[in-house]
Amino acid sequence: MSTLIRWNPIREISAMERMLDAMMDNRSRLLRGASSDTATGHLALDIVENEAAYTVTTALPGVNADDIKVNLHEDVLTISAEIPQRTTEQKDGERVLLRERTWGKFSRSVRLPNAVNGE
């Protein structure tokens, strides 16, 4: 025996609105903070090319230059680093309201369009 359920377009539209709201809320959460990309482990880069060289720029706040690893293998540039987790001691009567600074391992690999001399 089958049961018929009356189709209610308003209910369908409301369900779709809730799904879109949830999706946009998740996206906006990713876009907040130091860098949406670093929040997901993705390192944002700027790459500029001229006749003689490529210039690569990125931001890794809280990382010592000595702790950044740069590797070039078969025209694929890989930059990786780790931002240590910052801990702050809470005093009595304090509570954390917001923590947006990112931490963790970050890596990015980019294939450069032309052969590169790694030296």
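The values are calculated or read from the model by the stated rules, or taken from the named source; none is laboratory data. Every value quoted in this text rests on a predicted model; they were computed, and no experiment measured them. Every residue, glycine as well, gets a Cβ built from its backbone with ideal geometry; the counts of neighbours run over all protein chains shown. Just the protein is used for accessible areas: all its heavy atoms, side chains included, with ligands, DNA and RNA removed. Shrake-Rupley method; radii C 1.70, N 1.55, O 1.52, S 1.80 Å.
For this structure, a couple of remarks:
- Condition check for T102: assigned to a loop (DSSP other than H, G, I, E, B), modelled with pLDDT under 80, touching a helix residue (DSSP H, G or I) at 6+ places or on another chain (Cβ under 8 Å) and open to solvent by less than 100 Å² (accessible area, probe 1.4 Å): yes
- Residue in region 45-70 that is least open to solvent (accessible area, probe 1.4 Å), counting only those that are closer than 14 Å to F106 by Cα and assigned to a strand (DSSP E or B): V70
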